[in-house]
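Single-structure report; data block below.
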Amino acid sequence: MPESLSCIGLFLINHDKNQYIMDTLDLHGIRKDYSKQTLSEKECDGSPLVQFERWLDEAMKAQVNEPTAMNVATVDAEGRPNARMVLLKEINPHGFVFFSNYHSRKGRALDIHPFAALTFFWPELERQVRVEGIVKKLPAAESDVYFDSRPYTSRIGAWASHQSEVLGSKSELVARAAMVGAKYPLHVPRPPHWGGYVIEPERVEFWQGRPVGCMTASNIAG
Ligand SMILES: Cc1cc2nc3c(=O)[nH]c(=O)nc-3n(C[C@H](O)[C@H](O)[C@H](O)COP(=O)(O)O)c2cc1C
């Protein structure tokens with residue numbers, strides 16, 4: 001299987017079986033004292049996007065694991081929240097960009113409620129950033145540029161993988177990938193159902209852990 005085709009396991013919950021886990025794991029004592037740094041309004045840039053870039057740069061320099069990984073929460077047609085990790089791929093003057101399948105669960109949720117909440121957590125720096133805002137699709141030409149920069153197997157995967165759908169078997173996915181590969185041996189065009197989203201922030205909160213607990217919120221007018 002091409003490495004870009006990820007594996008996903010889906011579980012439905014049986015609450016009786018969960019009793020075993022609840023009896024054996026003691027989580028009450030797990031806590032951490034934050035002590036690394038403090039954050040004052042004076043140190044924050046007036047632009048939340050500039051401040052974010054500064055913190056992301058520091059996270060990358062500190063070799064934080066997956067510094068661009070962010071949790072994206074959306075709300076589906078029934079008003080239920082749903083969250084998953086994605087990778088931040090650009091910060092442009094409008095906001096935070098990630099790429100996905102427009103037919104996925106998140107894509108369908110965003111068609112109905114074009115709003116999202118993002119969370120970054122950089123434990124090594126004791127920092128969290130929360131963003132809330134309106135979500136728009138990136139212009140097709142900009143999605144093309146990023147799609148063309150992806151490895152061949154990832155581009156094939158964008159056609160072969162029906163994100164968020166239950167897969168009959170792994171071989172089904174491998175066969176689909178082989179068919180797409182045969183169709184596009186060299187140039188793989190961007191599937192129309194795959195592209196970027198930009199979250200235009202309306203509220204950004206920078207959180208720096210410190211002994212007494214500190215929170216600095218920075219709001220952008222809508
Ligand atoms: C670290 C990490 C990064 C991920 N990056 C992306 C991404 O950039 N785009 C994406 O569509 N899915 C990404 N995924 C997979 C999503 O978390 C999710 O499983 C998938 O998008 C389907 O979500 P949905 O059914 O809610 O639409 C990533 C997962 C992890 C753990």
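Consider just the alpha-carbon atoms of the range 52-161 and return their Rg together with their Dmax, both in angstrom.
Both quantities, over Cα of the range 52-161: 14.8, 41 Å.
Using the Karplus equation 6.51 cos²θ - 1.76 cosθ + 1.60 (θ = phi - 60°), what ³J(HN,Hα) coupling, rounded to whole Hz, does each residue of the range 76-87 give in order, writing x for Gly and Pro?
The phi angles translate into 8, 4, 8, x, 8, x, 8, 9, 7, 7, 9, 9 Hz.
On each of the three principal axes of the Cα atoms of the range 19-219, give max minus min coordinate, whole Å, ordered largest first.
Largest to smallest, the principal-axis extents are 59, 49, 37 Å.
So how much slack lies between GLU202 and HIS162, counting 0.36 nm per residue of separation and subtracting their Cα-Cα distance, in nm?
Numbers: separation 40, 0.36 × 40 = 14.40 nm, distance 3.16 nm.
Length gained, GLU202 through HIS162: 11.2 nm.
Determine ³J(HN,Hα), in whole Hz, for all residues of the range 97-113 in sequence, where each value follows from phi through the Karplus function 6.51 cos²θ - 1.76 cosθ + 1.60 and θ = phi - 60°; x replaces Gly and Pro.
10, 9, 10, 6, 8, 5, 8, 5, 4, 5, x, 5, 5, 5, 4, 8, 10
Which of the residue pairs LYS36/LYS89; LYS106/LYS137; LYS89/LYS137 have a Cα-Cα distance greater than 18 Å in the structure shown? Mind dumping the intermediate values first?
Values: LYS36/LYS89 28 Å; LYS106/LYS137 13 Å; LYS89/LYS137 14 Å.
LYS36/LYS89, as the Cα separations exceed 18 Å there.
Over the range 142-215, calculate the relative contact order: mean separation of alpha carbon pairs under 8 Å at least 6 apart, over the residue count, as a percent.
Details: 41 pairs, mean separation 26.1, N = 74.
Once normalised by length, the contact order is 35 percent.
Compute the long axis of helix 170-183 from its Cα atoms, compare it with the longest principal axis of the Cα atoms of the chain, and write down the angle in degrees, 0 to 90, nearest 10.
70
Does anyone have the angle between helix 48-61 and the longest principal axis of the chain? Alpha-carbon axes, 0 to 90°, nearest 10?
So the helix axis and the longest Cα principal axis differ by about 80 degrees.
Over what distance in Å are the Cα centres of the range 41-99 and the range 157-211 separated?
Here the two parts' Cα centres lie 18 Å apart.
Taking the Cβ of GLU53 as the center, what net charge do the other residues with Cβ under 15 Å away carry, scoring Lys and Arg +1 and Asp and Glu -1? If you can, show how the numbers build up before the last one.
Working: positive: ARG54, LYS61, LYS89, ARG127; negative: GLU43, ASP45, ASP57, GLU58, GLU90.
Overall, the nearby charge balance is -1.
For a Förster distance of 45 Å, can you work out the FRET efficiency between the beta-carbons of SER154 and GLU43, rounded to the nearest 0.05? Write down the numbers at each step before the final one.
Working: r = 38 Å, r/R0 = 0.85.
Efficiency, from the Cβ-Cβ distance: 0.75.
Between rounded, prolate and oblate, where does the range 131-213 land on the alpha carbon gyration tensor, with a ≥ b ≥ c its root eigenvalues, rounded for a/c under 1.5, else prolate if a/b exceeds b/c? Mind dumping the intermediate values first?
Details: a/c = 2.84, a/b = 1.90, b/c = 1.49.
Because a/c hits 1.5 or more and a/b exceeds b/c, the range 131-213 counts as prolate.
Using the number of other C-beta atoms within 10 angstrom as an exposure proxy, rank LYS42, LYS89 with the fewest first. Before the final figure, lay out each step's value.
Numbers: LYS42 5, LYS89 14.
Lowest count first: LYS42, LYS89.
Compute the angle between helix 140-149 and the longest alpha-carbon principal axis of the chain, please, reported from 0 to 90 degrees and rounded to the nearest 10.
80
Taking amide H positions as placed in the peptide plane 1.01 Å from N, state which residues far from TYR102 in sequence (5 or more) or on other chains have amide H under 5 Å from it.
When sequence neighbours closer than 5 places are left aside, the close amide H contacts are TRP194, GLY195.
Excluding residues on the same chain fewer than 8 positions from LYS61, give the aspartates and glutamates whose Cα lies under 13 Å from its Cα.
Within the straight-line cut-off, LYS61 pairs with GLU53, GLU124.
For the chain, what is the calculated [θ] at 222 nm in deg cm²/dmol (nearest 500), taking -39500 (n - 2.57) for each run of four or more DSSP H residues and dividing by its residue count? Could the numbers behind the result be given before it?
On the way: 6 runs with 61 residues, N = 222.
Mean residue ellipticity, 222 nm, calculated: -8000 deg cm²/dmol.
Would you list THR24, THR68 from fewest to most Cβ contacts within 10 Å? Working shown, then result.
On the way: THR24 7, THR68 16.
Final ranking by Cβ density, sparse to dense: THR24, THR68.
The numbers here are math on the coordinates, done by the rules we state, and not lab data. Small disclaimer: the values here were computed from a predicted structure and weren't measured. So basically every Cβ, Gly included, is an ideal-geometry build from the backbone, and we count neighbours across all protein chains shown.
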